[in-house]
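As structure tokens, the structure follows; a few thoughts come after it.
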Amino acid sequence: DTAVSQTPKYLVTQMGNDKSIKCEQNLGHDTMYWYKQDSKKFLKIMFSYNNKELIINETVPNRFSPKSPDKAHLNLHINSLELGDSAVYFCASSWVGGVSYEQYFGPGTRLTVT
Amino acid sequence: SQKIEQNSEALNIQEGKTATLTCNYTNYSPAYLQWYRQDPGRGPVFLLLIRENEKEKRKERLKVTFDTTLKQSLFHITASQPADSATYLCGTTTSGTYKYIFGTGTRLKVLA
């Protein structure tokens, strides 16, 4: 059983295009996140939703728009893609009322902008 | 700003030895620290959490310590094996928020 799944796994596109990444979790968690991991492997939080409400919105260009249709899904839409958007994007989920606050990460989406 | 730093970018050790990885935090006192393992092409996987009032936590060959005086957590893998080779990330949330921050990770390579 896949806990946190993301689609697609790889995404190659040209500058200026619009693309979306989808994420689903079947763990019953109440909070979901998007992270960006750059070429130096630094993992940085972008957004977080708790019970479909946006609670964290880091200094991310407004070309990035998350959307949470329900607690189990969190999608990321990116407009007007730029070369610097190339990275691996991870979705994660957690139960903020839990005792370990552990996050469960998806397998990542490698985005390459040419 | 509140920061998490992992000093070693890479660490090579011989099989059977104990690997020790360091995580330092600055400008605040986190209530807990987490350790994750990340293999190439995969998402991080949670390993252990240690709270500020716990000195040490163990899980099989893994041991984590938390020193609030030194503002540091140490992550030990005893009797290391080549299968332990991976990148290990230290992380926590910033004060009063759900915002997770992570260190840059330490890439561990266990040599057979």
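Note that region A:4-113 shows a convex hull volume over its alpha carbon atoms of 91 Å³ per residue. Note on B:K63: lysines with a C-alpha under 23 Å away, same-chain residues under 8 apart excluded, are B:K3, B:K17, B:K55, B:K71, B:K109. The alpha-carbon positions of the protein assembly as shown define a convex hull whose volume is 127 Å³ per residue.
In a DSSP loop and with at most 10 other Cβ atoms within 10 Å, the GluC sites (Glu not before Pro) in region B:1-103 are B:E60. Across region B:97-105, computed HN-Hα scalar couplings (Karplus, 6.51 cos²θ - 1.76 cosθ + 1.60, θ = phi - 60°) run 10, 9, 7, 7, 10, 10, x, 6, x Hz from first to last residue, x flagging Gly and Pro.
The spacing between region B:25-101 and region A:49-84, judged by their C-alpha centroids, is 27 Å. Computed with a 1.4 angstrom probe on protein heavy atoms, the B-A interface buries about 1700 square angstrom of accessible area in total. Rounded to the nearest whole Hz, the Karplus-based 3J(HN,Hα) values (6.51 cos²θ - 1.76 cosθ + 1.60, θ = phi - 60°) of region A:51-65 follow the sequence 6, 6, 9, 5, 10, 10, 9, 6, 6, 10, x, 6, 6, 9, 10, with x at glycine and proline. For the peptides A:59-71, A:17-29, B:97-109, residues were scored by their other Cβ atoms within 10 Å and the scores averaged per peptide; the highest-first order is B:97-109, A:17-29, A:59-71. Computed 3J(HN,Hα) for region B:43-54, one whole-Hz value per residue from the Karplus formula 6.51 cos²θ - 1.76 cosθ + 1.60 where θ = phi - 60°, is x, x, 10, 5, 10, 8, 10, 10, 8, 4, 8, 10, glycine and proline marked x.
Legend: Rg and Dmax of region B:3-111, from Cα coordinates, 13.2, 41 Å. Across chain A, C-alpha contacts under 8 Å between residues 6 or more apart give a mean separation that, scaled by the residue count, equals a relative contact order of 36 percent.
The values are calculated or read from the model by the stated rules, or taken from the named source; none is laboratory data. Keep in mind it's a predicted model, so treat the numbers as computed, not measured. Here Cβ is always computed from backbone atoms with ideal geometry, including for glycine, and neighbour counts include all displayed protein chains. Surface accessibility is based on the protein's heavy atoms, side chains included, excluding ligands, DNA and RNA. Shrake-Rupley method; radii C 1.70, N 1.55, O 1.52, S 1.80 Å.
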